[in-house]
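Before any comments, here is the structure.
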Amino acid sequence: MERPNEGLGGADHSGSHAPVELLVRYPRAMQGQVDPLDEILHAAEPPLVLCPLGFERRAFLRFGKLPVVTTGPGADAITRAFAERDRWPVRQPRLIILLGLAGALNEKYAAGTAHAVEVVRSRFGDAPMFAPVLAPMLAPMLDQRAAPMRDPECSIVESAQIVVDAREKSQLRARTGADLVDTESRTFARCADAAGIPWAIVRGVSDDAFCALPAEFATFVDAAGETRATKVIAALLRRPTLIRTLMRIGRDSRTAMRDASFTADALGCLQPIDLCSARHPLVLFGGSFDPPHARHATMLADAMRVLQSPCAIAMPAALNPLKCATPPAPPDARLALCRANFNASVADFPAELRLSSLELARPGPSYTIDTLESLVARQPKLRGAIRLLVGSDAIRSIEHWHRWREVLALARPAVVVRPPDTVGQTVDFLADFAARHGFADADSWLLPIPPLDLSSTSARAAILRGERPTGLADGVWREITKRGLYGFSGAR
């Protein structure tokens, strides 16, 4: 936990899945890189693609390498798919992508093109929903040979049924301002938000704004998303000239799905830290970790779940500015202790966890502002997308942190109650702080997780007495005994 002016970790805390390798066909510059000062202790699960139609799934499998599920068409099918998450090939994907075909409402959107959707509009006038992942950074990340037309704000609206009439498309465009229409997008966005999973929508245009689809078009697909061949044949027997329309739509759909598949595959190459946003923040957990407790790990895992975080970083501090000496254990030892602690099975981390030596590698005091500026400099999208995991004792001294207003401009605290503080006392402090300094969101800093009841000071005292403290992971204890830390002697 952070103490006043001590950076991310100068405080004294008194009181899986294997990585999935993707076959990437995009430029090297777009591939997410792990900072050399970071090591991944717990890898996130891969992204998952949801395709309403079997045709869309098969098209994606020709070009993409991500796990994919066919949901069936329509809002109800999407709702069922999320209700049956235990059947997904990926239980907790780091990103979920809705991929498939849509109709164009905007005349600028040609059939056969593909689009990454940024805004999901409502046909009932409800507030729009914004994709948390897509940002201007996407454009340079796509292979130029396969890049879709990039729009400053591509929007989509969900309809209860397929919009087949050009006049109806025009009316829907005028009423909602949307560029595209499908039958799943808003339900998908709501379900993904409820599940706490960052989401994206990629749509290929099967029919432009002026194209009138056959009246019986909706009957061509069954509830599982597969083509009803008998229905198509029957329609052709009634109207043989329909074959030209269906061939054109089929050609445009194949072209659109090719480019849409490349776009979805590119999104799948994003690292968990690239998925962080204000809605799904990076959790930054600093401290002396001298030594780290099992409760440090479980608390971090709890915070990641509450905040719906795609990625967290545990970062031991080098030097507490408020203390005359460095912590009792040397930096390399505390890094090893953190590695052992956060690798332990005592915590079920829901997403990627990194261990960073950024502060240990930087000379001088470990100031939080320096760390935040370093993180934002290497990842500008993290500005406003970081939550600082701190104890209630540390937050009481926030006005004494080095450049504390700048700290709060870059990251919001995520506060855990630490005895002897109570929830009520912490709430009162945050309300008073908000009133005095104008931080209206301060009441949202407190996390609804159990109080942090641990003490590194007590642990060190127990070790000095020749006892093994409670709450230390086996790997942490092995490191302490092997290195003879905190006065441990094997002769005792």
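Taking a ≥ b ≥ c as the square roots of the eigenvalues of the Cα gyration tensor of the stretch 48-269, is the shape rounded (a/c under 1.5), prolate (a/b larger than b/c) or oblate? The shape class here is rounded. Listed values for the stretch 256-273 are Karplus-derived 3J(HN,Hα) couplings in whole Hz (6.51 cos²θ - 1.76 cosθ + 1.60, θ = phi - 60°), namely 5, 5, 4, 5, 5, 5, 4, 5, 4, 5, 5, 4, x, 7, 5, 6, x, 5, and x replaces Gly and Pro. The alpha carbons of the stretch 274-487 give a radius of gyration and a Dmax of 16.8, 50 Å, in that order. What number comes out for the charge environment of Arg483, summing +1 per Lys or Arg and -1 per Asp or Glu over other residues with Cβ under 14 Å away? Within the 14 Å Cβ shell, the charges total +2.
Neighbours of Leu237, meaning other residues whose beta-carbon lies under 13 angstrom from its beta-carbon, give a summed charge of +2 when Lys and Arg score +1 and Asp and Glu score -1.
Extending 7 Å from the Cα toward the beta-carbon at both Phe130 and Arg62 defines two label points whose distance is 3.6 nm.
Order the peptides 432-438, 216-222 from the highest to the lowest mean number of other Cβ atoms within 10 Å of their residues. Mind dumping the intermediate values first?
Values: 432-438: 12.6, 216-222: 16.6.
Top to bottom by mean Cβ count within 10 Å: 216-222, 432-438.
Tally Lys/Arg at +1 and Asp/Glu at -1 over every other residue whose Cβ is under 15 Å from the Cβ of Thr219; what's the total? It works out to a net charge of +1.
Count of lysine pairs in the chain with Cα atoms under 30 Å apart, counting only pairs 8 or more residues apart in sequence or on different chains?
5
Principal axis extents of the Cα atoms in the stretch 175-329, from largest to smallest and rounded to whole angstrom, are 88, 31, 24.
Quick one: putting +1 on the C-beta of Lys and Arg, -1 on the C-beta of Asp and Glu, what dipole do you get for the chain around its Cα centre, in Debye to the nearest 20?
1060
Sparsely packed loop sites in the stretch 317-415 (the trypsin sites (Lys or Arg not before Pro) outside DSSP H, G, I, E and B with at most 16 other Cβ atoms within 10 Å) comprise Lys323, Arg383, Arg403. Counted over the chain, the DSSP beta bridges are approximately 25% antiparallel. Between Asp38 and Ala83, full extension at 0.36 nm per residue minus the direct alpha carbon distance yields a gain of 12.6 nm. Only helices enter the 222 nm calculation for the chain: every DSSP H run of n ≥ 4 contributes -39,500 (n - 2.57), and dividing by all residues gives -10500 deg cm²/dmol, rounded to 500. Look at the dipole of the stretch 437-492 built from charges on Cβ: of Leu485, Leu452, Ala442, the Cα furthest out on the positive end belongs to Leu485. Each 20 Å bin from zero holds the following percent of Cα-Cα pairs in the chain: 23, 45, 25, 7, 0.
Values quoted throughout were computed directly from the atomic coordinates according to the rules given, and no laboratory measurement underlies them. Just so it is clear, the model here is predicted, and its values are computed rather than measured. FYI the Cβ positions are ideal-geometry reconstructions off the backbone, even for glycines, and counts take in every protein chain you see.
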